[in-house]
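Structure record follows, encoded as structure tokens.
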Amino acid sequence: MSRLSLYLIASALFIGVVMGLTSMSLLSQHNAAVNQLSSSVAKRAAAVAALIKHTETQHRQELEYFAELSMVPKALDSGNYEVVAELLSKLMQSKSTVVQTRLFNPEGQEVFKLVNRAGVPVRLSNIELQDKSQRYYFKQLSSTAIGNSYLSPVDLNVDYGVIERPYRPVMRIAQKIRHLDSGQYLGSLMFNYDVKQELRQLASLLPEQLRFYIVDERQQFLAHPNSASLYCAELSCDDLFIESQVQRLAHQRVYFDDSLAAEINLDSPVQPVMMGAQLIVAYQHNYLPHLTQPISNFGVLTKSYQWWAALLVASLVCLAGCYSYQHLQNRIEERLQKAKMHKVLEGVT
């Protein structure tokens, strides 16, 4: 075997050992970081989902509390809404998310309505009250049993047949009201909650590197970093969420930057919140399949400056070692040649 072959084999073995140890160390650090990020994301997702569910429960309790007050059926029975107006005005002043409070008669006609205008509850005149009997939420409310609260899907608020601008997604909670003595169905009490405010508050709870998306049953985004992607089912735009993505991307990874990914099971944060909505936590602004492909070990290593630095140092060490060894061999050969010449000269002498 030639001396060059020995040099190459020795160098390859040395570089292999160094890079193997470096790769093991880097992959270990990467996996530890991935696990930490994965745990953090899962906790954040669960916390946001739990907070949404808690907010929904709180809204139900508020509505049920007011619906059980004796003054509400008395107002519907007598047509005198002054006391109810004062009480509900205080509620709307204390909670900016309540943007409308309404009373309906059994046929779906509004008989009392307070709206939040520039932070001030304003009672509408009788001429401004509308017939909501053909709206889907009143039809669904009509089929709800007395004593049970009704929670509508989140959609854009519509007044006088036109979508309100600027767009305001609302969630309606209502309950039928019955006569205190006879149990007769007198009408309904409904609260409209501004979901945009609540989603903005939820987003503020997340760290900067996280973005979250809310998708409703119609596959439209209720929360999205890009406002142009919101409410597409109602505004006839094309940016809808594909339901199968949830199953296809489950147990995949969500990218946090170009080199580091965090594993997260999408089955866990995708929970039924806001009447069938789905919560998805991701980093990128557009939730696309190619953003969730798992990063390979080779990809982790080749994107690491430390890995390339170790390769460079190992190569330089090999070159330096080869050069030193070659230099030493040359010096030894020179001495041997000199020794041979010395013996020859001694023989001649």
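The values are calculated or read from the model by the stated rules, or taken from the named source; none is laboratory data. Predicted model only: the values in this text are computed from it and were never measured. So basically every Cβ, Gly included, is an ideal-geometry build from the backbone, and we count neighbours across all protein chains shown. Remember, those area values only see protein heavy atoms, side chains included, never the ligands or the DNA or RNA. Shrake-Rupley method; radii C 1.70, N 1.55, O 1.52, S 1.80 Å.
Points worth noting:
- Only one of the listed residues (Leu240, Leu222, Leu279, Leu319) is more than 22 Å from Ser25 (Cα to Cα), part of a strand (DSSP E or B), of a type in the set (A, V, I, L, M) and at pLDDT 75 or above. That residue is Leu222.
- Flag for Asp159 being closer than 27 Å to Glu234 by Cα and exposed (fewer than 15 other Cβ atoms within 10 Å of the Cβ): yes
- Residue identified as within 15 Å of Tyr193 (Cα to Cα) and touching a residue at least 60 places away in the same chain (Cβ under 8 Å) among Tyr167, Tyr137, Tyr150: Tyr167
- When residues in the stretch 99-128 are screened for being open to solvent by 50 Å² or more (accessible area, probe 1.4 Å) and touching a helix residue (DSSP H, G or I) at 6+ places or on another chain (Cβ under 6 Å), 1 of them pass.
- Taken over the stretch 136-163, the criterion of being in contact with a strand residue (DSSP E or B) (Cβ under 9 Å, 6 or more places away or on another chain) and among the aliphatic types (A, V, I, L, M) is satisfied by Leu141, Ala145, Ile146, Leu151, Val154, Leu156, Ile163.
- Every pair of residues 6+ apart whose Cβ atoms lie under 6 Å, when the first sits in the stretch 63-83 and is touching a residue at least 60 places away in the same chain (Cβ under 8 Å) and under 14 Å from Lys176 (Cα atoms) while the second is crowded, with 20+ Cβ neighbours inside 10 Å and among the β-branched types (Val, Ile, Thr): Leu63/Ile173; Val72/Ile177; Pro73/Ile177; Leu76/Ile177
- Which numbered condition Ser96 fails, given (1) out of contact with any helix residue (DSSP H, G or I) (no Cβ under 8 Å at 6 or more places or on another chain); (2) among the hydroxyl-bearing types (Ser, Thr, Tyr); (3) surrounded by fewer than 12 Cβ atoms within 10 Å (Cβ to Cβ); (4) at pLDDT 80 or above: (1)
- The residue that is most open to solvent (accessible area, probe 1.4 Å), among those in the stretch 330-349 that are at pLDDT 75 or above and under 23 Å from Tyr7 (Cα atoms), is Arg335.
- Against the conditions (1) outside any loop (DSSP other than H, G, I, E, B); (2) at pLDDT below 90; (3) open to solvent by less than 40 Å² (accessible area, probe 1.4 Å), Met190 satisfies every one except (2).
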